[in-house]
Ligand SMILES: Cc1cc2nc3c(=O)[nH]c(=O)nc-3n(C[C@H](O)[C@H](O)[C@H](O)COP(=O)(O)OP(=O)(O)OC[C@H]3O[C@@H](n4cnc5c(N)ncnc54)[C@H](O)[C@@H]3O)c2cc1C
């Protein structure tokens, strides 16, 4: 079996740069990736998105950066094994390695691991109705931006991906809204651009509660904070949509807002917890009730 000097596992930008350096050093190199194309997350998840933090480029589209990285890496005739998942690495008696994939075995003197985040798996939207719309209006990545032309788009999240996607889709979509439950984690300058854009921002303390539609997504319900527009969370409590509240307030505004929540909780008989310890105890009690194992015990039995 042919033996390579270097085998790079993972053909994202880091792996491609490792291949370039292998070539510069005169090494015979190979790259293995489970995906059908080189480029890692850039090509698989956001090929049309601009990247703003690449040295030497004020802005560059991800797939163009991948093309540059591939051209740079393949100035030498490196071997390329795509659609192969590495499952094991074994040390051989001669000191070299055997890289085992789901399709083949590869001998190599050195290995560079550039597997990034590994297999890509998005964090799913918690709203219970979300799952049935996956692929029918609910997307975890925006690969082709023109798919969203003329649509009303809601982006859930506040990291770099969410803010970048919002800015990229804003000129194409009929409208773009960003819904996020806490502070933005994206770069400060892109958040500034977002705030200056036409994107509607629902942040912080907003969450998608429900996804609606028949065959495709047609709307989402977000819970509004008190005084951020109607219906707000107090309306949801009054109508019975919210039946349990955990509210750990921080800051004068949150404490002021909580007056109407507490009053509504009291008048509508809704359990209301204000500490994490209280919330934890309530969750444990609900779990115990569901298991049917709740029993009454005298206080003395605990001491
Ligand atoms: C939506 C989005 C937007 C982003 N925007 C930016 C941005 O604007 N600027 C920025 O700097 N960063 C951005 N990032 C982050 C950036 O994409 C990553 O930091 C970058 O891709 C990491 O490169 P990498 O080569 O280390 O790993 P990856 O790109 O994750 O590549 C790793 C490769 O290893 C392969 N692999 C993993 N395990 C195996 C295995 N067992 N066998 C075979 N192959 C395997 C994978 O298939 C993948 O191709 C963004 C990320 C996302 C999701």
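Could you tell me how many of the residues in the range 44-70 are more than 25 Å from residue 188 (Cα to Cα) and in contact with a helix residue (DSSP H, G or I) (Cβ under 7 Å, 6 or more places away or on another chain)?
3
Would you check if residue 111 is more than 10 Å from the ligand (Cβ to nearest atom) and either at negative phi or under 23 Å from the mean Cα position of the chain (by Cα) (or both)?
In short, yes.
Condition (residue is touching a helix residue (DSSP H, G or I) at 6+ places or on another chain (Cβ under 9 Å), in the same structural domain as residue 146 (by TED's automatic domain parsing) and not in a strand (DSSP E or B)) applied to the range 200-207: is it met by at least one residue?
yes
Can you confirm whether residue 47 is exposed (fewer than 13 other Cβ atoms within 10 Å of the Cβ) and either more than 10 Å from the ligand (Cβ to nearest atom) or at negative phi (or both)?
When the stated conditions are applied, residue 47 does not pass them.
At least 1 residues that are within 30 Å of residue 23 (Cβ to Cβ) in each: list the strands (runs of 3 or more DSSP E) lying fully within the range 97-166 that qualify.
97-101, 105-113
Can you list residue pairs whose Cβ atoms sit under 8 Å apart, with the first residue in the range 38-50 being more than 18 Å from residue 80 (Cβ to Cβ) and the second being more than 7 Å from the ligand (Cβ to nearest atom) and assigned to a strand (DSSP E or B)? Count only pairs 6 or more apart in sequence or on different chains.
Matching pairs, first to second residue: 47/61; 48/61; 49/61; 50/60; 50/61.
I need the full set of residues from the range 126-171 which are crowded, with 20+ Cβ neighbours inside 10 Å and more than 16 Å from residue 199 (Cβ to Cβ), in order please.
Scanning the range 126-171 gives 133, 138.
What tally of residues in the range 250-280 results from selecting those that are surrounded by 12 or more Cβ atoms within 10 Å (Cβ to Cβ) and farther than 19 Å from residue 236 by Cα?
Final tally of qualifying residues: 4.
The values are calculated or read from the model by the stated rules, or taken from the named source; none is laboratory data. Just so it is clear, the structure is predicted and the values come from calculations on it, not from any experiment. Methodologically, a virtual Cβ is constructed for each residue, glycine included, from the backbone with ideal geometry; neighbour enumeration extends over all protein chains shown.
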